[in-house]
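Let me begin by presenting the structure, written as structure tokens, before commenting on it.
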Amino acid sequence: MAPASLKILADISLAAAFLCAIIILLDIRVGGWRQKMKVMELVWPLNALYWGPVALWAYYRIGRQKAERSADRPAFPPSQPERGSNGHNPAASNDQEQPQGRPTWQSVGLSASHCGAGCALGDIIADWSVFAAGFTVLGNRLGGYFTLDFALAWLFGIAFQYFAIVPMKKLPPGKGIIESVKADTLSIASFQIGMYGWMAITHYLLFRPPLAPNSGVYWFMMQIAMILGFFTAWPVNIWLLRRGVKEAMSRPQGPFLWVSLALDPELTYTPPWQLLAPPIPFVGGRDPDAY
């Protein structure tokens, strides 16, 4: 049985994650900050379900810079060009070619976020399905979770990758599927290693009887597992970007600096003090330089 204090912590973490996901969705759909790469409109809130406030911060530091304000919701007077938090026109800067060479830590984070979104969506559907149906593998309920988790995470991850690289590389559908499978299969597998490891620890060592999906603590443990999976997928995504299997989507600016530098000190990065600037306001059209 989980202690009462852990249940309270789980409720707080889950509530914060859902709130962050809703804020991102509202900013995109109601605030009109539509992503140039449309699949990111799903990827950002799905990653918020386990990263919580970290994903919200990353969205305003990265996602907003890569967004286009809807025409019916102008953020600034026509005479004043819209600017990002760094004072530059985001529409113009996003069209520039990506620098060649080592991947930036923002690129690695965005690359891993596709499989993270697929794993998050797959885990929610798979775990509730296994719990409701009583599905097991060789009589083991955890084996049932892991089997269906991987199948759905792989399918969703490939789908997110497909809708990212096909518009970016202008590929035909068949070629797009092949490239998506090549780009994300290893990334998803490495993500699942970290996630499975932690869930196995909680199942066999930490809780007796094992937690079930109808418990808030179970999903809190899943949040931790997903974050660990993100870290185990990080070096794989660095390798995939270097080999050109995955396409880098961004220049250096964003979160996870300490993780990136620990894994690869030569990654391009933005000085930390530049990341402490106030984020762009949540939903609204005021000039960010006024903050």
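Name the long-range amide H neighbours of VAL137: under 5 Å, sequence gap of 5 or more, or other chain; modelled H, no Pro or chain starts.
Close amide H contacts, sequence-distant or interchain: GLY143, GLY144.
Cβ under 14 Å from GLY157's Cβ, GLY157 left aside: what net charge do those residues give with Lys, Arg +1 and Asp, Glu -1?
Values: positive: LYS182, LYS246; negative: ASP123, ASP149, GLU179, ASP184.
Counting the neighbours of GLY157, the net charge comes to -2.
Can you list the lysines whose alpha carbon sits under 27 Å from that of LYS169, skipping same-chain ones fewer than 8 residues off?
The qualifying lysines are LYS36, LYS38, LYS66, LYS182, LYS246.
Where a number appears in this text, it was derived from the coordinates with a stated rule and is not lab data. Remember, predicted model here, so these are calculated numbers, not experimental data. Cβ atoms come from the backbone with ideal geometry, glycine included; neighbour counts cover every protein chain shown.
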